[in-house]
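Asker: Pasting in a structure now, in structure tokens, and then I'll have a few things to ask.
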Amino acid sequence: RGMSEIGGFIELFAAARRAAPNRVFARFEGVPVTFAELGRRADALAGALRGRDIPRGARAAVMMRNSPAAIATIFGLGEAGIVWVPVNVQQRGEGLRYVLEHCQPSLVIADADLVSTIAACGAELGGVPRIVFGEAAGATSLERLLDSGEPFLDAPPAPEDCFAICYTSGTTGPPKGVMLSHRMLRFAGEAVALVSAARDGDVFLMWEPLYHIGGMQLLVLPLIRKVVLAMVDRFSAGRFWQQARHYGATHIHYLGGILQILLKRPPDPLDRSHGVRIAWGGGCPSDVWRPFEERFGLVIRECYGMTEASSITTFNDSGTLGVVGRPVPWFEVELLDPSGRVVAARERGEIVVRAPHEKALFSGYFRNPEATAKALRGGALHSGDLGMLDAEGNLVFLGRLTDSVRCRGENVSAWEVERVAATHPGVEDCAMIGVAAEIGEQEIKLVVQPRAGATVDPAALSSWLGERLAPYQNPRYIAIVDSFERTPSQRIMKHKLSDDTVDSWDRLARRGRANRLG
């Protein structure tokens, strides 16, 4: 399919509704959601918001857990051309305040039990209207709008219009809002179909939150293939294969340490009686790959990508161990050294992504021209990731070049964690680094220098941080030092910090380490 033929996804949604209104789009905890029902509720929300004079291009911050209402909300915003700003439901405090203020929303939509979290973060939202899913005094009911029957007949947004602003953790500054177009989400869905080798009739077990690109991209798949999303409320290692069998899943998706967690479970008869053919995703260690395939009787299909490049850049359909494969048809990948020279095979370089027609790359970070200029240079996306090409031209992912840690499938910015920790009254200075994980990519270690005369208790500091950081941001390990080695410009020399954990307090030591995520 040529680049010029790929438009947005709302047109696909409209066509699917007309062709097979009773076809099931998804099942949420077993309850079916048909295309007709999803379309009716999305139309109603789009019509209601347009009736409230919320124009195309306005932004709606949405802080909701997965639910049929959340799916309808996303499609309704997409139909109306209102920009969806997904907000991680684990966010709180300073991190939440920053996102809510930075995106300058015209509307906030939230689960009822998260209204107090939003209020507590201190975001200055002025008279921005609130719509609440669930019981909340004095708030507009999302359910009422979804079931209002409001008509909506406007033309769909243009493919290049902004569909969502996805805030990803910054590495040397605050989170950056990736402007994701309607066409980019379509590309993401098309890439999922390639990576997963999806066929009509397949069932995708879906535990990923919709506010994460890993879940978001799956919303397009039932529009491209006649598949069903089997959505569950969260990842559960203990129930995973039982859920897969119950829903007739043919595919599972992995991020972070999902595969390692499942592999560490005790042997079970369900290990080989679930019907799953393919596990697809990113971050499978080489030493887990074959043992996982052999134990669970399926095939692993690995990929690599980032939100800025329509989620998926390369995929491995050859089964070659330890590689993330070759580019999807709409991308080209090259590896550059610090001087901008293309490196030879088996040499390390920064992963740089080019799109021949640029439509699959993001246009920039919202209200952040400096970060945009750094990432987009010469029409290419400089990923900040390190890679290598093998002799066959397959990409090997070698980690981040920048100051962040990949933990539980999330990029955790050192800047974000250090800024919060540094406000503790007993902390003089601190530094966050990544250390080896038993499960997943990395764990977070925070090294702390107490203020003169102060004593920092790691357990108390961890509890204090837990009230101000998302759970996946809260360091597992805390080490106390008298001082840091510094550069002439007084920057902490992080490369000299110990990545050992024997000198550290361990947040998980008291409640066990096995089979845990988050």
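The values are calculated or read from the model by the stated rules, or taken from the named source; none is laboratory data. What you are looking at is a predicted structure, and each value in this text was computed from that prediction instead of being measured. Here the Cβ positions follow ideal geometry from the backbone for every residue, glycine too, while neighbour counts run over all protein chains shown. We work out accessible area using only protein heavy atoms, side chains counted, and drop any ligands, DNA or RNA first. Shrake-Rupley method; radii C 1.70, N 1.55, O 1.52, S 1.80 Å.
Asker: Can you name every residue in segment 278-310 that is polar (S, T, N, Q), open to solvent by 10 Å² or more (accessible area, probe 1.4 Å) and in contact with a strand residue (DSSP E or B) (Cβ under 9 Å, 6 or more places away or on another chain)? If you could, list the steps in order and put the result at the bottom.
Answerer: Going residue by residue through segment 278-310, those that are polar (S, T, N, Q) are 286, 307, 310.
Still in the running and open to solvent by 10 Å² or more (accessible area, probe 1.4 Å): 286, 307.
Result: Thr307, single match.
Asker: Of the conditions (1) over 17 Å from Phe35 (Cβ atoms); (2) open to solvent by less than 40 Å² (accessible area, probe 1.4 Å); (3) in contact with a Leu (Cβ under 7 Å, 6 or more places away or on another chain), Ser181 fails just one. Which one is it?
Answerer: Checking Ser181 against (1) over 17 Å from Phe35 (Cβ atoms); (2) open to solvent by less than 40 Å² (accessible area, probe 1.4 Å); (3) in contact with a Leu (Cβ under 7 Å, 6 or more places away or on another chain), the one that fails is (3).
Asker: Right, something else. What residue, of Glu441, Glu485, is modelled with pLDDT under 95 and under 21 Å from the mean Cα position of the chain (by Cα)? Steps first, please.
Answerer: On the way: Glu485 fails: under 21 Å from the mean Cα position of the chain (by Cα).
Step by step, each of Glu441, Glu485 is checked, and only Glu441 is modelled with pLDDT under 95 and under 21 Å from the mean Cα position of the chain (by Cα).
Asker: Does Gly275 qualify as being open to solvent by 10 Å² or more (accessible area, probe 1.4 Å), part of a loop (DSSP other than H, G, I, E, B), at pLDDT 95 or above and touching a strand residue (DSSP E or B) at 6+ places or on another chain (Cβ under 7 Å)? Lay out the reasoning, then the answer.
Answerer: Working: open to solvent by 10 Å² or more (accessible area, probe 1.4 Å): yes; part of a loop (DSSP other than H, G, I, E, B): yes; at pLDDT 95 or above: yes; touching a strand residue (DSSP E or B) at 6+ places or on another chain (Cβ under 7 Å): no.
So Gly275 does not fit the description; no.
Asker: A further question on this structure: Would you please name the residue that is farthest from the chain's Cα centre (by Cα), looking only at residues in segment 70-110 that are polar (S, T, N, Q) and under 26 Å from Arg40 (Cβ atoms)? Before the answer, list the steps.
Answerer: As a first pass, look at segment 70-110 and keep what is polar (S, T, N, Q): 73, 88, 90-91, 104, 106.
Now narrow it down to the ones that are under 26 Å from Arg40 (Cβ atoms): 73, 106.
Working: Thr73: 18, Ser106: 24 Å.
Ranking the candidates gives Ser106 first.
Asker: Against the condition open to solvent by 10 Å² or more (accessible area, probe 1.4 Å), under 23 Å from Ser311 (Cβ atoms) and at pLDDT below 95, how does Pro151 come out, does it pass?
Answerer: Values: open to solvent by 10 Å² or more (accessible area, probe 1.4 Å): yes; under 23 Å from Ser311 (Cβ atoms): no; at pLDDT below 95: yes.
So Pro151 does not fit the description; no.
Asker: Among the residues of segment 266-316, which ones are of a type in the set (S, T, N, Q) and free of Cβ contacts under 8 Å to residues at least 24 places away in the same chain? Break it down into steps so the answer makes sense when it comes.
Answerer: Kept after step one, since they are of a type in the set (S, T, N, Q), are these residues of segment 266-316: 273, 286, 307, 310-311, 313-314, 316.
If the condition is that a residue be of a type in the set (S, T, N, Q) and free of Cβ contacts under 8 Å to residues at least 24 places away in the same chain, then no residue fits.
Asker: Still on this structure, please answer the following. Confirm whether Gly319 is in contact (Cβ under 8 Å) with a residue 24 or more places away in the chain and among the small types (Gly, Ala, Ser). Steps first, answer last, please.
Answerer: Values: in contact (Cβ under 8 Å) with a residue 24 or more places away in the chain: no; among the small types (Gly, Ala, Ser): yes.
No, not satisfied.
Asker: May I pose another question? Quick check on my filter: what residues within segment 57-69 are under 16 Å from the mean Cα position of the chain (by Cα) and either surrounded by fewer than 20 Cβ atoms within 10 Å (Cβ to Cβ) or in a helix (DSSP H, G or I) (or both)?
Answerer: Correct list: Arg65 only.
Asker: Follow-up. Would you be able to say whether some residue in segment 377-386 is over 19 Å from the mean Cα position of the chain (by Cα), open to solvent by less than 30 Å² (accessible area, probe 1.4 Å) and among the hydroxyl-bearing types (Ser, Thr, Tyr)?
Answerer: No.
Asker: Assess whether Tyr254 counts as being among the hydroxyl-bearing types (Ser, Thr, Tyr), closer than 29 Å to Pro68 by Cβ and either modelled with pLDDT of 95 or more or within 22 Å of the chain's Cα centre (by Cα) (or both). So that I can check it myself, show each step before the final result.
Answerer: On the way: among the hydroxyl-bearing types (Ser, Thr, Tyr): yes; closer than 29 Å to Pro68 by Cβ: yes; either modelled with pLDDT of 95 or more or within 22 Å of the chain's Cα centre (by Cα) (or both): yes.
Answer is yes for this residue.
Asker: Go through (1) open to solvent by less than 60 Å² (accessible area, probe 1.4 Å); (2) without any contact (Cβ under 8 Å) to a residue 40 or more places away in the chain; (3) of a type in the set (Lys, Arg) one by one and return the number of the condition Lys445 breaks.
Answerer: (2)
Asker: Here is a list: Val85, Val89, Val128. Which entry is among the hydrophobic types (A, V, I, L, M, F, W, C), over 28 Å from Met206 (Cβ atoms) and not in a helix (DSSP H, G or I)? Spell out how you get there, then give the answer.
Answerer: Values: Val85 fails: over 28 Å from Met206 (Cβ atoms); Val89 fails: over 28 Å from Met206 (Cβ atoms).
From the options Val85, Val89, Val128, the qualifying one is Val128.
Asker: Restricting the search to segment 234-272, which residues are open to solvent by 10 Å² or more (accessible area, probe 1.4 Å) and hydrophobic (A, V, I, L, M, F, W, C)?
Answerer: Selection gives Phe235, Ala237, Trp241, Leu255, Leu263, Leu270.
Asker: I've got another one for you. Looking only at segment 318-337, how many residues end up being out of contact with any Asp or Glu (no Cβ under 7 Å at 6 or more places or on another chain) and either outside any loop (DSSP other than H, G, I, E, B) or surrounded by fewer than 21 Cβ atoms within 10 Å (Cβ to Cβ) (or both)? Break it down into steps so the answer makes sense when it comes.
Answerer: First, pick out the residues of segment 318-337 that are out of contact with any Asp or Glu (no Cβ under 7 Å at 6 or more places or on another chain): 318-322, 326-334, 337.
Retained after the next criterion (residues that are either outside any loop (DSSP other than H, G, I, E, B) or surrounded by fewer than 21 Cβ atoms within 10 Å (Cβ to Cβ) (or both)): 318-322, 326-327, 329, 332-334, 337.
Of the residues in that region, 12 qualify.
Asker: Here's another thing I want to ask about it. Which of the residues spanning segment 283-316 are over 18 Å from the mean Cα position of the chain (by Cα) and in a helix (DSSP H, G or I)? Full working, then the answer.
Answerer: Quick first cut of segment 283-316, residues over 18 Å from the mean Cα position of the chain (by Cα) only: 285-301, 316.
Scanning segment 283-316 gives Ser286, Asp287, Val288, Trp289, Arg290, Pro291, Phe292, Glu293, Glu294, Arg295, Phe296.
Asker: Any idea how many residues of segment 387-409 are among the polar types (S, T, N, Q), surrounded by 20 or more Cβ atoms within 10 Å (Cβ to Cβ) and within 19 Å of Arg301 (Cα to Cα)? So that I can check it myself, show each step before the final result.
Answerer: First, pick out the residues of segment 387-409 that are among the polar types (S, T, N, Q): 394, 402, 404.
Next, only the ones that are surrounded by 20 or more Cβ atoms within 10 Å (Cβ to Cβ) stay: 404.
Restricting the remaining residues to those that are within 19 Å of Arg301 (Cα to Cα) gives none.
Residues in segment 387-409 being among the polar types (S, T, N, Q), surrounded by 20 or more Cβ atoms within 10 Å (Cβ to Cβ) and within 19 Å of Arg301 (Cα to Cα): 0 in total.
Yes/no per residue for (1) part of a loop (DSSP other than H, G, I, E, B); (2) surrounded by 16 or more Cβ atoms within 10 Å (Cβ to Cβ):
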{"position": "Ala15", "(1), (2)": "no, no"}
{"position": "Arg18", "(1), (2)": "no, no"}
{"position": "Arg27", "(1), (2)": "no, yes"}
{"position": "Ala44", "(1), (2)": "no, yes"}
{"position": "Pro55", "(1), (2)": "yes, no"}
{"position": "Phe75", "(1), (2)": "no, yes"}
{"position": "Val108", "(1), (2)": "no, yes"}
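Asker: Has segment 155-171 got at least one residue that is open to solvent by less than 10 Å² (accessible area, probe 1.4 Å), within 30 Å of Leu401 (Cβ to Cβ) and at pLDDT below 95?
Answerer: yes
Asker: Do we have any residue at all in segment 196-207 that's within 18 Å of Pro32 (Cα to Cα), open to solvent by 20 Å² or more (accessible area, probe 1.4 Å) and modelled with pLDDT under 95? I'd like the intermediate steps shown before the answer.
Answerer: Applying the first criterion (within 18 Å of Pro32 (Cα to Cα)) to segment 196-207 yields 200-207.
Add one more test, that the residue is open to solvent by 20 Å² or more (accessible area, probe 1.4 Å), and what stays is 200-201, 203, 207.
Right, trim to modelled with pLDDT under 95 and you get 207.
Yes, there is a match, as at least one residue in segment 196-207 is within 18 Å of Pro32 (Cα to Cα), open to solvent by 20 Å² or more (accessible area, probe 1.4 Å) and modelled with pLDDT under 95.
Asker: Could you tell me whether any residue of segment 349-370 is open to solvent by 30 Å² or more (accessible area, probe 1.4 Å), touching a Gly at 6+ places or on another chain (Cβ under 9 Å) and within 19 Å of Leu185 (Cα to Cα)?
Answerer: yes
Asker: Only one of Ile118, Ile82 is surrounded by 21 or more Cβ atoms within 10 Å (Cβ to Cβ) and either of a type in the set (Ser, Thr, Tyr) or farther than 30 Å from Pro156 by Cβ (or both). Can you tell me which? Before the answer, list the steps.
Answerer: Numbers: Ile82 fails: either of a type in the set (Ser, Thr, Tyr) or farther than 30 Å from Pro156 by Cβ (or both).
Residue meeting the stated conditions: Ile118.
Asker: Something else now. Quick one: is Gly215 surrounded by fewer than 22 Cβ atoms within 10 Å (Cβ to Cβ), in contact (Cβ under 8 Å) with a residue 40 or more places away in the chain and on the phi < 0 side of the Ramachandran plot? Steps first, please.
Answerer: On the way: surrounded by fewer than 22 Cβ atoms within 10 Å (Cβ to Cβ): yes; in contact (Cβ under 8 Å) with a residue 40 or more places away in the chain: yes; on the phi < 0 side of the Ramachandran plot: yes.
For Gly215, the condition - surrounded by fewer than 22 Cβ atoms within 10 Å (Cβ to Cβ), in contact (Cβ under 8 Å) with a residue 40 or more places away in the chain and on the phi < 0 side of the Ramachandran plot - is met.
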